[in-house]
Amino acid sequence: MKSPFPARLSDASFSGRLHDARTATVIGRLLGAAVAVCFVTGLISHVWQHPPAFLANALPSRPAWGYRVSQGLHVACGIAAVPLLLAKLWTVYPRLFARPVVRSARHALERLSVAVLVASALFELLSGLLNTAQWYPWPFSFVPVHYAVGWLLVGAMVLHLAVKAPEIAAHWRRRSAGTLSLPDEDATDRRSLLRALGAAVGAVTVTTVGQSFTPLGRLDLLAPRHPGHGPQGLPVNRTAARAGVDAQAVRDWRLRIEGPRPYELTLRELRALPQHEVTLPIACVEGWSKAARWTGVRVRDLLDRAGAPPGARIRITSLERHGAYRVSEMAHTYARDPLTLLALRLNGEVLSFDHGFPARVIAPNRPGVLQTKWVGRLEVL
Ligand code: HEM
């Protein structure tokens, strides 16, 4: 079959306009900003889920909405970056067919870095998007690979910015020094392209951001989750059935608290303790979040009764049989926060099985996967 590309390609082979440095810079600025927000918020999410030793007992539990906003931004900017990346690649793709393929060792390295940049950008956006749908059609674990490739992407982007710095500086503004006196014949076409791109970014944002920004929940047509759908008006990521928790597992349930003065409580005894009500969101790593009203016992009250020292971290163990988050740890900053509850009720009703009956953790500024459900044991560390 005849190749669609001529054997030798030159700039003239690409008759379309706007494959130029000014367009690459304008779109690059937006894409760079989206990647930067994703990187910073991705780091925050990583540290909150896997804190390094020096932060393990010091992560702040406030602001209560911190993780919700950070992860909502991460997913929203990642989704907005999809049309931006496609437009950017369309603008620069003639460069990818430039001949000769390699001119020198330096040029070879430069091309290699561009290959890493494009591959890592495509990988991050695609894997992130599939993760929001909880679809993992690959043999590796999503979290560590998405995290490592994020560093690769940012490293390759910084290198790219350094290599292209002269062109970027010359085209940063419409009338940058190098182009001051040149008429820009493509300005009108470029404006149309950018308007279309703005409309595409606006459309994908408005139809997905409602999954975390609930005032726009009614427009949430494309996100895999709607924050209002689920038992007791709140979505569920991991059902009791998937976690291997059934009626048998909670039949003679007792909460065990390990500490200097260990003790056990039945559900009836737990209900008889002072109950508190808080409004806090479940903020999922996959981007959706929703605030709800929770009622239960303050974790710090349970710890005081066990004689826990004020600076102690705690370990929380779920009744679930399998799962990477069956056991989680909590810094003293969280355990001592008056908003942190062992919740027994959700929006005024007894917790449903899928929301963690008989008791679950709810704490401010904490990723949803660490709001442990079906709690069986609290240990003072
Ligand atoms: C995920 C981020 C990015 C990706 C995947 C990307 C991809 C590319 C690719 C594949 C090329 C052509 C490679 C070549 O010339 O050898 C290119 C060129 C270029 N990029 Fe980027 N880029 C990104 C971010 C940026 C940013 C943040 C800026 C500026 C703010 C930028 C400005 C430019 C410029 C000025 C060119 C040269 C265009 C020309 O010579 O016509 N890029 N980019």
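The values are calculated or read from the model by the stated rules, or taken from the named source; none is laboratory data. All of these numbers come straight from a predicted model, not from anything done at the bench. A quick note on method: Cβ atoms are made from the backbone with ideal geometry, for glycine too, and the neighbour counts reach across all protein chains shown.
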Does Val201 satisfy the criteria of being surrounded by 16 or more Cβ atoms within 10 Å (Cβ to Cβ), more than 23 Å from Trp135 (Cα to Cα) and outside the structural domain of Leu341 (by TED's automatic domain parsing)?
yes
It is to be established whether one or more residues within the range 298-318 are surrounded by fewer than 18 Cβ atoms within 10 Å (Cβ to Cβ), hydrophobic (A, V, I, L, M, F, W, C) and in a loop (DSSP other than H, G, I, E, B).
no
List the residue pairs whose Cβ atoms are under 8 Å apart, where the first residue sits in the range 81-96 and is touching a residue at least 60 places away in the same chain (Cβ under 8 Å), the second is within 6 Å of the ligand (Cβ to nearest atom) and assigned to a helix (DSSP H, G or I), and the two are 6 or more positions apart or on different chains.
Leu84/Leu31; Lys88/Ala24; Lys88/Gly28; Lys88/Leu31; Thr91/Ala24; Val92/Ala24
Arg22: passes all of (1) at pLDDT 95 or above; (2) in a helix (DSSP H, G or I) but (1)
Of the residues Val361, Val285, which single one is within 21 Å of Arg68 (Cα to Cα), of a type in the set (A, V, I, L, M) and assigned to a loop (DSSP other than H, G, I, E, B)?
Val285
Where the second residue is among the basic types (Lys, Arg) and the first is crowded, with 19+ Cβ neighbours inside 10 Å and lies in the range 150-171, which pairs have Cβ atoms under 7 Å and are six or more apart or on separate chains?
His171/Arg22
Out of Arg103, Arg99, Arg95, Arg68, report the one residue that is within 16 Å of the ligand (Cβ to nearest atom), among the basic types (Lys, Arg) and in a helix (DSSP H, G or I).
Arg95
Would you pick out the residues in the range 338-355 that are within 24 Å of the chain's Cα centre (by Cα) and closer than 18 Å to Arg268 by Cβ?
none
Can you tell me which residues in the range 51-80 are among the polar types (S, T, N, Q) and without any contact (Cβ under 8 Å) to a residue 40 or more places away in the chain?
Ser70
